[in-house]
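Enquirer: Take a look at this one; I'll ask things after.
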Amino acid sequence: MPERRTVALVTLGCARNEVDSEELAGRLAADGWELVQDAADADVAVVNTCGFVEAAKKDSVDALLEANDLKDHGRTQAVVAVGCMAERYGKELAEALPEADGVLGFDDYADISGRLQTILSGGSVEAHTPRDRRKLLPLSPVQRQEAAAGIALPGHAQEPAPAPEDLPEGLAPASGPRAPLRRRLDRSPVASVKLASGCDRRCSFCAIPSFRGSFVSRRPSDVLGETRWLAEQGVKEIMLVSENNTSYGKDLGDIRLLETLLPELAAVDGIERVRVSYLQPAEMRPGLIDVLTSTEKVAPYFDLSFQHSAPGVLRAMRRFGDTDRFLELLDTIRGKAPQAGVRSNFIVGFPGETEEDFAELERFLTHARLDAIGVFGYSDEDGTEAATYEDKLDQDVVDARLAHLTRLADELTAQRAEERIGETMEVLVESVDASPDGDGAVGRGPNQAPETDGQVVFTTTEGLKPGRMVTAKVVGTEGVDLIAECLFEEAGR
């Protein structure tokens, strides 16, 4: 009987990392590893790190140190770092953090089982050597698909089509299925699906393209196949994720491919809602807005990466737009879907940001009526253009602007939630705890994405269970959260 090997995956950062962790889980399970939820119960704790901003990197280091502490009083024998921070810093991270028994990059994912077995057996695996992943693929998007076959793209992995001898009689190899190489790590009725990886934009504050690489779309057949598989696992809502979903299809020869794919995903049996995240305002097009606002089971949800609204700051960020153009975009969206949900993130204290620029950002937020707002204070990121800018603001100025805009954002999003009182919406129930000290029943409406936005709190738990889509009426608010009562007589599912 083979020796029992256990592994726990600890995931930090964004939904894209969650997909990558489930790919790693699929690879490990296929090679006989037993997946456990608690790192203290695992022989190997694999920490999928985030390397986006300083706070996320600190959280990743803390998670690695916490997992390392388990070696003294738990089952854990090894701690391994994977993910964006490991890919971005590699050997530098290994030298700075000797508590990690391994620092593996994306290229190690294909043989993650072998790498972990070597480490668990007392051997050593050379720490990943970082490289600019933008240079691994052709500059022209239409030349990338063939070249990408030899490049590690986390979250894209599919089992190869069966060999001819394994196929049913009369089925040609070219039409054989490609199963997603993925194992779910929770029972949530919501799951993310990778639409693409990498980014071709060159925002001056962002290092992501250097370690995630150039933009590469997944084939529509793979996205559809994974969605069908998730539906079979009980998933009711899928969220399409990538660094930039508005660019989907440009390397496949059709920049409007998302408009075609969305109705097909919505038609998958068992899927109740499709949500699209990570949209670039400068790349929004009328056809995409039409599909997002009019397709049944596609949430009229717009996760728009504005970042700022003052023209001068946006140009320094290597981005496009201004307050009036952004407000016009929001007016267009709400003209087609008045109840549409909109969220965005903003950076304050960017180098060269004047008081007038900051006031312009306040003007935009005051008129934008956003459902959710993330605010971040600027900080230098290694290897970015903005890190070389000379007109940096004093940290106390950045902190003051961050605190001010955060308070304003809290007020504005609470007001936006109050505007929704009286609305009727389809709500996906995510959890039900009817105990006296429990949270009751909680779900999300079409205007609310997991983790980043508010939620719906039901007035009763009766008749509710996770995964059920119910019609509900908003009767109150708690900050950005909506209080709703079910209209069971109107609920069709």
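The values are calculated or read from the model by the stated rules, or taken from the named source; none is laboratory data. On a predicted model such as this, the values are computed, not experimentally measured, just so you know. So basically every Cβ, Gly included, is an ideal-geometry build from the backbone, and we count neighbours across all protein chains shown. Remember, those area values only see protein heavy atoms, side chains included, never the ligands or the DNA or RNA. Shrake-Rupley method; radii C 1.70, N 1.55, O 1.52, S 1.80 Å.
Enquirer: Taking interchain pairs and intrachain pairs at least six residues apart, which have beta carbon atoms under 6 angstrom, with the first residue in region 70-89 and more than 17 Å from Glu23 (Cα to Cα) and the second β-branched (Val, Ile, Thr) and open to solvent by 10 Å² or more (accessible area, probe 1.4 Å)?
Expert: As it stands, the answer is Ala78/Ile119, since those pairs meet every condition given.
Enquirer: Go through Arg401, Arg407, Arg420, Arg416 for me and flag whichever is more than 27 Å from Asn17 (Cα to Cα), in contact with a Gly (Cβ under 6 Å, 6 or more places away or on another chain) and of a type in the set (D, E, K, R). Step through it out loud before you land on a result.
Expert: Working: Arg407 fails: in contact with a Gly (Cβ under 6 Å, 6 or more places away or on another chain); Arg420 fails: in contact with a Gly (Cβ under 6 Å, 6 or more places away or on another chain); Arg416 fails: in contact with a Gly (Cβ under 6 Å, 6 or more places away or on another chain).
None of the others qualify; the one that does is Arg401.
Enquirer: Same structure, new question: Tally up the residues in region 346-398 that are part of a helix (DSSP H, G or I) and more than 28 Å from Leu327 (Cβ to Cβ), please. Break it down stepwise before answering.
Expert: Step one: of region 346-398, the residues part of a helix (DSSP H, G or I) are 355-368, 386-388, 395-398.
From what is left, the residues that are more than 28 Å from Leu327 (Cβ to Cβ) are 387-388, 395-396.
Of the residues in that region, 4 qualify.
Enquirer: Among the listed residues Val19, Val44, Val103, identify the single one that is more than 23 Å from Gly198 (Cβ to Cβ), open to solvent by less than 60 Å² (accessible area, probe 1.4 Å) and modelled with pLDDT of 90 or more.
Expert: On the way: Val19 fails: more than 23 Å from Gly198 (Cβ to Cβ); Val103 fails: more than 23 Å from Gly198 (Cβ to Cβ).
Exactly one residue qualifies, and that residue is Val44.
Enquirer: While we're looking at this one, here's another question. Name the single residue that is most open to solvent (accessible area, probe 1.4 Å) among those in region 387-425 being acidic (Asp, Glu) and out of contact with any strand residue (DSSP E or B) (no Cβ under 8 Å at 6 or more places or on another chain).
Expert: We begin by selecting, within region 387-425, every residue acidic (Asp, Glu); these are 390-391, 394, 396, 399, 410-411, 418-419, 423.
In the following step, the residues that additionally are out of contact with any strand residue (DSSP E or B) (no Cβ under 8 Å at 6 or more places or on another chain) were identified as 390-391, 394, 396, 410-411, 419.
Numbers: Glu390: 177, Asp391: 82, Asp394: 103, Asp396: 104, Asp410: 95, Glu411: 106, Glu419: 88 Å².
The residue in question is Glu390.
Enquirer: Would you point out which residue out of Ala127, Ala86 is touching a Lys or Arg at 6+ places or on another chain (Cβ under 6 Å) and not in a strand (DSSP E or B)?
Expert: On the way: Ala86 fails: touching a Lys or Arg at 6+ places or on another chain (Cβ under 6 Å).
Being touching a Lys or Arg at 6+ places or on another chain (Cβ under 6 Å) and not in a strand (DSSP E or B) holds for just one of Ala127, Ala86, which is Ala127.
Enquirer: Scan Gly51, Gly32, Gly26 and give me the residue that is in contact (Cβ under 8 Å) with a residue 24 or more places away in the chain and open to solvent by 30 Å² or more (accessible area, probe 1.4 Å). Give the steps one after another, and end with the answer.
Expert: Details: Gly51 fails: open to solvent by 30 Å² or more (accessible area, probe 1.4 Å); Gly26 fails: open to solvent by 30 Å² or more (accessible area, probe 1.4 Å).
None of the other options fit; the residue is Gly32.
Enquirer: I'd like to verify a number: residues in region 157-189 that are at pLDDT below 90 and either among the acidic types (Asp, Glu) or open to solvent by 30 Å² or more (accessible area, probe 1.4 Å) (or both), how many?
Expert: The first filter runs over region 157-189 and keeps only residues at pLDDT below 90, leaving 157-181.
Subsequent filtering for residues that are either among the acidic types (Asp, Glu) or open to solvent by 30 Å² or more (accessible area, probe 1.4 Å) (or both) retains 159-166, 168-175, 177-179.
Count: 19.
Enquirer: May I pose another question? Just checking, does region 75-98 include any residue being over 20 Å from Asp41 (Cβ atoms), polar (S, T, N, Q) and modelled with pLDDT of 90 or more?
Expert: Pass one, region 75-98, residues over 20 Å from Asp41 (Cβ atoms): 83-98.
Next, from what is left, pick out any that are polar (S, T, N, Q): none.
No, the conditions are met nowhere in region 75-98.
Enquirer: Just the residues that are of a type in the set (A, V, I, L, M, F, W, C), over 13 Å from Cys84 (Cα atoms) and part of a loop (DSSP other than H, G, I, E, B), please, taken from region 97-112.
Expert: Start the filter on region 97-112 by keeping residues that are of a type in the set (A, V, I, L, M, F, W, C), which leaves 97, 100, 103-104, 106, 110, 112.
Keeping just the survivors that are over 13 Å from Cys84 (Cα atoms) gives 97, 100, 110, 112.
Selection gives Leu97, Ala100.
Enquirer: Would you mind stating whether Lys57 is open to solvent by 60 Å² or more (accessible area, probe 1.4 Å) and of a type in the set (Lys, Arg)? Steps first, answer last, please.
Expert: Working: open to solvent by 60 Å² or more (accessible area, probe 1.4 Å): no; of a type in the set (Lys, Arg): yes.
When the stated conditions are applied, Lys57 does not pass them.
Enquirer: Continuing with this model, one more query. Taking the condition open to solvent by 10 Å² or more (accessible area, probe 1.4 Å) and small (Gly, Ala, Ser), does Gly249 pass? Even if it seems obvious, please write down each step before you answer.
Expert: Numbers: open to solvent by 10 Å² or more (accessible area, probe 1.4 Å): no; small (Gly, Ala, Ser): yes.
Judged against the criteria, Gly249 is not a match.
Enquirer: Shifting gears a bit: If you take the residues of region 284-304 that are touching a residue at least 60 places away in the same chain (Cβ under 8 Å) and in a loop (DSSP other than H, G, I, E, B), which of them is farthest from Glu237 (Cα to Cα)? Break it down stepwise before answering.
Expert: Here is the first cut: in region 284-304, the residues touching a residue at least 60 places away in the same chain (Cβ under 8 Å) are 299-301, 303.
With the extra rule that they be in a loop (DSSP other than H, G, I, E, B), the set shrinks to 299-300.
Values: Ala299: 10, Pro300: 14 Å.
The selected residue is Pro300.
Enquirer: Conditions: (1) in contact with a strand residue (DSSP E or B) (Cβ under 9 Å, 6 or more places away or on another chain); (2) at pLDDT 90 or above; (3) among the charged types (D, E, K, R). Asp31 meets all but one. Number of the miss?
Expert: (1)
Enquirer: Restricting to region 426-463, and then to whatever is under 28 Å from Val241 (Cβ atoms) and among the β-branched types (Val, Ile, Thr), can you tell me which residue is most open to solvent (accessible area, probe 1.4 Å)?
Expert: Thr452
Enquirer: Further question on the same structure: Could you please find all residues in region 299-314 being under 27 Å from Thr471 (Cα atoms) and open to solvent by less than 10 Å² (accessible area, probe 1.4 Å)?
Expert: Residues of region 299-314 under 27 Å from Thr471 (Cα atoms): 299-304.
Of everything in region 299-314, those that are under 27 Å from Thr471 (Cα atoms) and open to solvent by less than 10 Å² (accessible area, probe 1.4 Å) turn out to be Ala299, Tyr301, Phe302, Leu304.
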